[in-house]
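Step one of this worksheet: look at the structure below.
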Amino acid sequence: MKVIEKLNAIKNKEMTARENVENFINVIDEKNDSINAFLENNKAKAIEQAKIIDKKIANNEEVGKLAGLVFAIKANINVEDVIISAASKTLDNYIGSYNATVIENIIAEDGIIIGLTNMDEFAAGNSTETSYFGPTQNPAAPGRIPGGSSGGSAAAVASQMCDIAIGSDTGGSIRNPSSHCGIVGFKPTYGTVSRQGLLDLSMSLDQIGPLSEDVSGIALALNTIVSYDESECTSIDWNAPDFTSILDETSLEGMKIAVCKEFIDVTDEEINKTVNKAIQKLVDAGAELLEVSFNHIDLCLPTYYLINYVEFFSTTRKYDGRDYGYRIEDVCGDEVLRRIKIGSYISQKEFSGKYYKKALQARSLIRNEINTMLENVDLIVGPTVPKLPYKIGEKLEPLEIYAYDVLTVIANLAGIPAGSIKAGEVEGIPVGLQIQAKPLEDLKIIKAMSVFENI
Ligand code: GLN
């Protein structure tokens, strides 16, 4: 049953919100010890919330747009009265004292929060192996990483522990685990979902977004979490569309989609084959296929990581041991420490404008080129991740790990929307199709993903 069908079943009294919550709790109780998708649970509150919703439905009172749907939240988003650790020992005692704006929005529409999910420490990674609380298993590819950094959110969806999960995406952290776990994930246009209440990794790149088993779950979540937030300076005030309006479409007639040669060149051959079949399906649905070229692919990872190091270093200065438990440098893992050290070094050298300023210039170049590519096409389509997820415990060099991000960081550097949907499998392991569009043309991606799912 699709997420939107379940929503209607709850509203039509064919199923209660409480049943929905309890079914998920049973799965979590049965499987979470082995999968390690959840770090914190909110079960008691979830059941209480479900009872209230069921009462309203029984009394024929009006309910919210998400009535009775169950959400899992990445552990770097503030939820009141739950430990928000960001999977770090630094914050393992930090209890959320308020709800992030996205959480407020979800609860206001009668969405139910069931718990907080595992992730890479402070979202700095793409494997979920750097969590202080141990790795998460990939439910779709046992023994392998689920991707990251929102790996717990993706695994929770892929193992039927929730209807919709919320993650954050700074350089691919929603799309990468969605690709590896074979689900749908979406990073909205920068600024369309409030970041208020998110623990930053790199604030000029961070974006909150949804993960779900099908496109209807993504569209329903977007209808609630895309909202203007006065309290946040980067929030965009726009006329957001109804993302569920295109869910029944089966044609992409009139839409121009493009593959990019340089994206294909950096991707494993078997993945390209699977992704090409998926692209052919979009063509069969009526899309016109073009080819574009991107000259700055080599600049993307250095630019992304440099900006990430500097912004992350700056944001970690508040974890000095006075307000939130431990001093971060004393307890964090290797990758977080690496970013703090390099970020500190670059920040000190900054008077000479040696690195950061150059990275910002490179970022403009990348953004301009992507926008030029998108001038004549509606969508850029291609692989989400260039390689298959590796085995848990396998030792990779930092640069080999960073290479997994080459196709996803572009959307964050440019601020454009991007989604990932399961294209197919290679050796039984899921592979994602990534779809990117111009800023604020998020609906076109949702439409293409929906058509892909429907045909
Ligand atoms: N893997 C990338 C990084 O390590 C992206 C992380 C993210 O999107 N949060 O920074």
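Given the structure, is ILE416 under 27 Å from THR234 (Cβ atoms), within 16 Å of the ligand (Cβ to nearest atom), crowded, with 18+ Cβ neighbours inside 10 Å and without any contact (Cβ under 8 Å) to a residue 40 or more places away in the chain? In short, no.
Out of ALA123, ALA108, which single residue is hydrophobic (A, V, I, L, M, F, W, C), surrounded by 24 or more Cβ atoms within 10 Å (Cβ to Cβ), out of contact with any Pro (no Cβ under 6 Å at 6 or more places or on another chain) and modelled with pLDDT of 95 or more?
Details: ALA108 fails: surrounded by 24 or more Cβ atoms within 10 Å (Cβ to Cβ).
Residue meeting the stated conditions: ALA123.
In this structure, ILE84 does not satisfy being closer than 22 Å to SER212 by Cβ and within 23 Å of the chain's Cα centre (by Cα).
Would you call VAL451 crowded, with 21+ Cβ neighbours inside 10 Å and either in a strand (DSSP E or B) or within 16 Å of the ligand (Cβ to nearest atom) (or both)? Please lay out each step first, then the result.
On the way: crowded, with 21+ Cβ neighbours inside 10 Å: yes; either in a strand (DSSP E or B) or within 16 Å of the ligand (Cβ to nearest atom) (or both): no.
For VAL451, the condition - crowded, with 21+ Cβ neighbours inside 10 Å and either in a strand (DSSP E or B) or within 16 Å of the ligand (Cβ to nearest atom) (or both) - is not met.
Of all the criteria given as (1) over 16 Å from VAL409 (Cβ atoms); (2) more than 24 Å from the chain's Cα centre (by Cα); (3) surrounded by 13 or more Cβ atoms within 10 Å (Cβ to Cβ); (4) touching a residue at least 40 places away in the same chain (Cβ under 8 Å), the one not satisfied by ASN376 is (3). Pairs linking a residue in the range 153-179 that is more than 23 Å from PRO386 (Cα to Cα) to a residue that is near the ligand (Cβ under 10 Å from one of its atoms) and not in a helix (DSSP H, G or I), with Cβ atoms under 7 Å and 6 or more positions apart or on different chains, are ILE166/LYS74. Counting only strands (runs of 3 or more DSSP E) that fall entirely inside the range 109-188 and contain at least 2 residues that are more than 16 Å from the ligand (Cβ to nearest atom) and touching a Gly at 6+ places or on another chain (Cβ under 6 Å), no element qualifies.
Among the residues in the range 202-210, are any away from the ligand (no atom under 16 Å from the Cβ), in contact with a strand residue (DSSP E or B) (Cβ under 9 Å, 6 or more places away or on another chain) and in contact (Cβ under 8 Å) with a residue 60 or more places away in the chain? No. The set of residues in the range 318-349 that are in contact with an Asp or Glu (Cβ under 6 Å, 6 or more places away or on another chain) and either without any contact (Cβ under 8 Å) to a residue 12 or more places away in the chain or surrounded by fewer than 17 Cβ atoms within 10 Å (Cβ to Cβ) (or both) contains only ARG327.
The values are calculated or read from the model by the stated rules, or taken from the named source; none is laboratory data. Here the structure is a predicted model, which is why all the values come from computation and not from measurement. Heads up, the Cβs are rebuilt from the backbone with ideal geometry, glycines too, and the neighbour counts pull from every protein chain shown.
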